[in-house]
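Take a look at the structure set out below.
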Amino acid sequence: MAVPEQYRIRAANAAQLVESVEAGVADGALSPGQRLPSVRHLALELGLSPGTVAAGVAELRRRGVVATEPRRGTRIGSAPPLGGPRAPLPVPAGARDLSRGNPDPALLPDLGDALSRARAPMRLYGEPAVSAELAALASRQLRADGLPVDFLCVVSGALDGIERVLEAHLRPGDRVAVENPGYAALYDLLRAHGLLLEEVGLDQHGMRPAELERALARGASAVVITPRGQNPTGALLDARRARELRAVLAGAPRTLVIEDDHLGLLAGSRLHTTVTGMQRWAATRSVSKALGPDLRLAVLAGDARTVARVQGRQQCGPGWVSHILQSLVLCLWSDARVRRLVRRANSVYAERRGELLRCLRAHGASASGSSGLNVWVPVADETGVVGALLQRGWVVAPGAPYRLAPSPPAVRVTISTLTAPEAERLAADLAEVIAPTRSARSG
């Protein structure tokens, strides 16, 4: 798909070329996937030198607005970082929304009570960025899970930490090995930084070692791994798979390994880490799923240089994560009642996830979800299945934002609030819309 005739890129220099393309994307005149003219053609059309046009395109690529691939040319990126976040799926009145990946509000702690009890000390410029009490508590938790925690900082959520680590080590054009299917927001983040995605397939135990080895051979200098509760598939690293991945990474010791433990306290399963023995690594642990999505805080451990670079970049921007927020998280994290609630949430989510998987199997539908809040259901036609389920009162997430080629179509179902009777009805509806002829034959 080439640039539409009605939109003309206008520029007298490289900066104006960047502005013109960004304006077209922001206005919707240029859509994801649309191909730009070649550098030579655009130079002739604008009356600029090929070097000037190439510089403008390079800047657009650095900003994540466009992507250039061999034999496909330069195209508008699939999620250019212009405008607001991805629009959530509309939820008609009376429909059951299972699309957003949220925890069950009934299984989150009472923030009002915690706010009344948490200390809010006065903090001034020049004081330590990390609460000593929170650092000590987080260090104990991470060490108990087998992570080396000589260096640690606090960031504004797992994705914020990952972004800061990427900025500390990588440059536009570098290649990053990612899970496929994988976290859509991570894909968007990498593209926004002009990084190239090297897809690595996975099964119920996480990344396939042979595919990671091939991605590293293709030039990936970093890898992002979800050890448990992988979004969207629920994959869970076991001891054997983690050991196999570490063996692959040992053959490329300069690889930057980022471990995204986004479920954190809510994982409900043992952590099998992949960062052991790596020279460059970072591991994030978020509190948002267990304690509340609005608590934008994660702890980040890593090697000395990585953590120092992340802290240095924080100092150049916000400086630190609010100590009021750190104090609130410390209050919640160290509360025995909250720990009991988190254990209960783990049990409830496992039961709800297992119930949907059992119901789907009973109806002859395959699905995966070893851990976490989501179940991944392969389908032949995402759009058709999402639409057919909507007619039956279910809102589920299409898999397209979570997939890179050649990952096949699927839909993601969030199980966090799904009751057992609902699981049975949803499984029956899913089986019917996935394979309507099979339902008719069995009648």
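Observations on the structure shown:
- Segment 384-406 residues that are open to solvent by 60 Å² or more (accessible area, probe 1.4 Å), paired with ones that are of a type in the set (Lys, Arg) (beta carbon under 9 Å, 6 or more apart): Arg392/Arg425
- The residues of segment 256-282 that are among the β-branched types (Val, Ile, Thr), crowded, with 21+ Cβ neighbours inside 10 Å and in a loop (DSSP other than H, G, I, E, B), listed by number, are Thr273, Thr274, Val275.
- Options Cys359, Cys316; residue that is surrounded by 14 or more Cβ atoms within 10 Å (Cβ to Cβ) and not β-branched (Val, Ile, Thr): Cys359
- Strands (runs of 3 or more DSSP E) enclosed by segment 148-214 - at least 1 residues per element that are more than 17 Å from Arg313 (Cβ to Cβ): 175-180, 196-203
- Subset of segment 232-253 (residues that are part of a loop (DSSP other than H, G, I, E, B), in contact with a strand residue (DSSP E or B) (Cβ under 8 Å, 6 or more places away or on another chain) and closer than 14 Å to Val275 by Cβ): Leu237
- Among the residues listed as Ser416, Ser371, the single one being closer than 21 Å to Pro92 by Cβ, in a loop (DSSP other than H, G, I, E, B) and at pLDDT 95 or above: Ser416
- Flag for Leu300 being surrounded by 21 or more Cβ atoms within 10 Å (Cβ to Cβ), within 24 Å of Ala267 (Cα to Cα), in contact with a Gly (Cβ under 6 Å, 6 or more places away or on another chain) and of a type in the set (A, V, I, L, M): yes
- Segment 363-377, residues that are open to solvent by 30 Å² or more (accessible area, probe 1.4 Å) and either under 16 Å from Gly399 (Cα atoms) or out of contact with any helix residue (DSSP H, G or I) (no Cβ under 7 Å at 6 or more places or on another chain) (or both): Ser366, Ala367, Ser368, Ser370
- Which listed residue is among the charged types (D, E, K, R) and modelled with pLDDT of 95 or more, from Arg208, Arg171, Arg191: Arg208
- Restricting attention to segment 67-121, the residues being aliphatic (A, V, I, L, M) and under 30 Å from Gly33 (Cβ atoms) number 9.
A quick yes/no check of all residues on (1) open to solvent by 60 Å² or more (accessible area, probe 1.4 Å); (2) modelled with pLDDT of 90 or more:
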site	(1), (2)
Ala12	yes, yes
Gly33	no, no
Gly51	no, yes
Gly56	no, yes
Val65	no, no
Thr74	no, yes
Gly77	no, no
Leu89	no, no
Leu108	no, yes
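- Residue in segment 237-247 that is modelled with pLDDT under 95 and among the aliphatic types (A, V, I, L, M) present: no
The values are calculated or read from the model by the stated rules, or taken from the named source; none is laboratory data. None of the values given here were measured: they were computed from a predicted structure. Here the Cβ is made from the backbone with ideal geometry for all residues, glycine too, and neighbour counts use every protein chain on show. Heads up: the accessible areas ignore ligands, DNA and RNA and are worked out on the full protein's heavy atoms, side chains in. Shrake-Rupley method; radii C 1.70, N 1.55, O 1.52, S 1.80 Å.
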